[in-house]
Amino acid sequence: SATNATPSSSPTPRPSPLSPLDEGRIASGTFQSQTLGREMPYLVYLPPGYDRSPDQRYPAVYMLHGMGGLNIEWLDYGFARTADRLMRAGEIPPFIIVFPQGDQSYWMDHAGGGPRWGTYTALDVVAAIDARFRTQADRRYRAIGGLSMGADGALQLGLNFPSVFGIVGAHSPYLRREDEAIVFFGKGKDYAERDPWSLARARPEVARTLALWIDVGATDERRDVVALFHRELDQLGITHFWRELIGSHSEEYWGGYSPQFLRYYAAAFCGFDDDYVARRM
């Protein structure tokens, strides 16, 4: 079952509706992160019908931004607009999408006693969202995804916090080898506890409990590294969806394939029902 940490948050401002109630809307808020010792912002997409269905609870996807460092990145690429269109058309079921703030942290607890961005994301952010919004607070209905740095973060957090997240989407992961890792990865054992590839090797039984999706563009600068990671997951018997798509490490790629990404999360929430997957993915 999911880790339901007691929210360590101050009351958040009431979300402000930015669009009519017959559509989804974006809410914003802040909370006090005990882990980081600072106030942190978030944005949340609330699906069509959220305000009119006060007893309904929803799955949630946490979408992590890349090294650009701002939680509006996925919104800039049209992710919420695409979700709204698909949900209103009945192509995917309604769910909540959370856009947390991760600066340039790689979404990990930094080695050497540095800021614990991974714990903040998996425990503080999730607790604050579960307390404020009508989520289904269970790992089966809680996904984490991201692009580039955020894709690495999603993989790492899924493997380090499997009681929190049951579904992972890695869109264009960067996968830094130890000799090219940022200093806060650490070396040796520290690096292995933060690198998704090392974690998958060390904890294949954990990885097998996750619904896992990995994609990369055919002309992405990290394509060969990501393809090697995919092949090793196969060798380790770690089932996953693998997509090599047309495109590069770019806004056009992440925005253009958002419908496919959203259909994956929807299918995972539906338990990968065979009929649903056949029709939708």
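The values are calculated or read from the model by the stated rules, or taken from the named source; none is laboratory data. As the structure is a computational prediction, the values presented were derived from the model and not from experiment. Positions of Cβ are backbone-derived with ideal geometry, glycine not excepted, and every protein chain shown enters the neighbour counts. Protein only, heavy atoms only, side chains kept; ligands, DNA and RNA dropped before computing areas. Shrake-Rupley method; radii C 1.70, N 1.55, O 1.52, S 1.80 Å.
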Can residue 121 be described as open to solvent by less than 10 Å² (accessible area, probe 1.4 Å), more than 28 Å from residue 227 (Cβ to Cβ) and not hydrophobic (A, V, I, L, M, F, W, C)? no
Which residue pairs have Cβ atoms closer than 9 Å, lie 6 or more positions apart in sequence or on different chains, and pair a first residue in segment 230-253 that is without any contact (Cβ under 8 Å) to a residue 60 or more places away in the chain and closer than 25 Å to residue 79 by Cα with a second residue that is part of a loop (DSSP other than H, G, I, E, B) and among the β-branched types (Val, Ile, Thr)? 246/219; 247/219; 248/219
Against the conditions (1) open to solvent by 10 Å² or more (accessible area, probe 1.4 Å); (2) more than 14 Å from the chain's Cα centre (by Cα), where does residue 101 fall short? Just the number, please. (2)
Filter result for residue 83 (buried (at least 24 other Cβ atoms within 10 Å of the Cβ), modelled with pLDDT of 95 or more and over 19 Å from residue 35 (Cβ atoms)): yes
In segment 35-83, which residues are touching an Asp or Glu at 6+ places or on another chain (Cβ under 9 Å) and of a type in the set (S, T, N, Q)? 35
Every residue from segment 9-44 that is in contact with a strand residue (DSSP E or B) (Cβ under 7 Å, 6 or more places away or on another chain) and either modelled with pLDDT under 65 or open to solvent by 60 Å² or more (accessible area, probe 1.4 Å) (or both): 9, 10, 12, 13, 15, 16, 17, 18, 19, 32, 39
Cβ-Cβ under 7 Å, sequence separation 6+ or interchain: first residue in segment 133-154 and under 21 Å from residue 31 (Cβ atoms) and open to solvent by 10 Å² or more (accessible area, probe 1.4 Å), partner among the charged types (D, E, K, R) and not in a strand (DSSP E or B). Which pairs? 134/57; 136/57; 137/130
Qualifying position, being under 28 Å from residue 139 (Cβ atoms) and of a type in the set (Val, Ile, Thr), among 214, 246: 214
With segment 177-224 as the region, which helices (runs of 4 or more DSSP H) entirely inside it contain at least 2 residues that are touching a Pro at 6+ places or on another chain (Cβ under 9 Å) and either farther than 14 Å from residue 154 by Cβ or open to solvent by less than 20 Å² (accessible area, probe 1.4 Å) (or both)? 204-207
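Per-residue answers, yes or no, for (1) open to solvent by less than 70 Å² (accessible area, probe 1.4 Å); (2) at pLDDT below 95:
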| residue | (1), (2) |
| --- | --- |
| 243 | no, no |
| 253 | yes, no |
| 257 | yes, no |
| 260 | no, no |
| 270 | yes, yes |
When only residues in segment 48-65 that are under 11 Å from residue 133 (Cβ atoms) and assigned to a loop (DSSP other than H, G, I, E, B) count, which is least open to solvent (accessible area, probe 1.4 Å)? 50
Tell me the residue from 112, 68 that is modelled with pLDDT of 95 or more, closer than 27 Å to residue 155 by Cβ and open to solvent by 40 Å² or more (accessible area, probe 1.4 Å), please. 112
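Check whether at least one residue in segment 75-89 is assigned to a helix (DSSP H, G or I) and of a type in the set (Asp, Glu), and report yes or no.
Yes, that holds for at least one residue.
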Checking the structure you have, find out if any residue of segment 208-230 is in contact with a Ser or Thr (Cβ under 6 Å, 6 or more places away or on another chain) and charged (D, E, K, R). yes
Near pairs, Cβ below 7 angstrom, 6+ apart or cross-chain, from segment 29-54 (free of Cβ contacts under 8 Å to residues at least 60 places away in the same chain and under 22 Å from residue 95 (Cβ atoms)) to any residue that is of a type in the set (S, T, N, Q) and open to solvent by less than 30 Å² (accessible area, probe 1.4 Å): 43/71
Of the residues that sit in segment 165-182 and are touching a helix residue (DSSP H, G or I) at 6+ places or on another chain (Cβ under 8 Å) and aliphatic (A, V, I, L, M), which one is nearest to residue 251 (Cα to Cα)? 170
Within segment 105-113, does at least one residue satisfy the condition of being touching an Asp or Glu at 6+ places or on another chain (Cβ under 8 Å) and not in a loop (DSSP other than H, G, I, E, B)? yes
